[in-house]
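Presented below is the structure to which this report refers.
The values are calculated or read from the model by the stated rules, or taken from the named source; none is laboratory data. All values derive from a computational prediction rather than experimental measurement. With ideal geometry, Cβ positions are generated from the backbone for all residues, glycine too; neighbour counts draw on all protein chains shown.
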Amino acid sequence: MEVETGSRTIRFILNGEGYSISSNPVSRTSDVLREELGLTGTKVGCDAGDCGACTILIDGEQRFACLTAAGQLEGHDVQTVEGLAKDGALSPLQQAFHRYGAAQCGICTPGM
């Protein structure tokens, strides 16, 4: 079995904006988001998809960024917790968290 180790161009929509990045397609999406794109709202708690701290949406479907290879983003619409707020305003979900004090720790809340 051959494992791909080189970088290639990956094109996708991230929080409503088109992105074209050069990255190893087998890198974890959580690493790409945090380390290459500076989007630190996606947390990594367990590295196994159990805790949900790394939850993102891909084409509106919940995915765990720690279990998703960066190459799987190709051609898809990706939304992170940073993309929930539009023009600095909280989304309805974020407003409800604030209103009812539903926040957890800084690791868990972004994935909720």
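When both residues are 6+ apart or on different chains and their Cβ atoms are under 6 Å apart, which pairs have a first residue that lies in region 34-54 and is within 24 Å of Ile21 (Cα to Cα) and free of Cβ contacts under 8 Å to residues at least 24 places away in the same chain, and a second that is surrounded by 13 or more Cβ atoms within 10 Å (Cβ to Cβ) and not basic (Lys, Arg)?
Arg34/Thr40; Val44/Ser30; Val44/Cys54; Val44/Cys66; Asp47/Cys66
Please go through region 77-112 and pick out each residue that is part of a loop (DSSP other than H, G, I, E, B), surrounded by 11 or more Cβ atoms within 10 Å (Cβ to Cβ) and modelled with pLDDT under 80.
Result: Ala85, Leu90, Ser91, Ala102, Ala103, Gln104, Ile107, Cys108, Met112.
Only one of Ser30, Ser22 is surrounded by fewer than 16 Cβ atoms within 10 Å (Cβ to Cβ), within 22 Å of Thr9 (Cβ to Cβ) and not acidic (Asp, Glu); which?
Ser22
Please tell me if Gly6 is in contact with a Ser or Thr (Cβ under 6 Å, 6 or more places away or on another chain) and modelled with pLDDT under 90.
No: the conditions fail for Gly6.
Identify all residues within region 11-32 that are farther than 16 Å from Val44 by Cβ and assigned to a loop (DSSP other than H, G, I, E, B); write none if there are none.
Within region 11-32, Asn15, Gly16, Asn24, Pro25, Val26 qualify.
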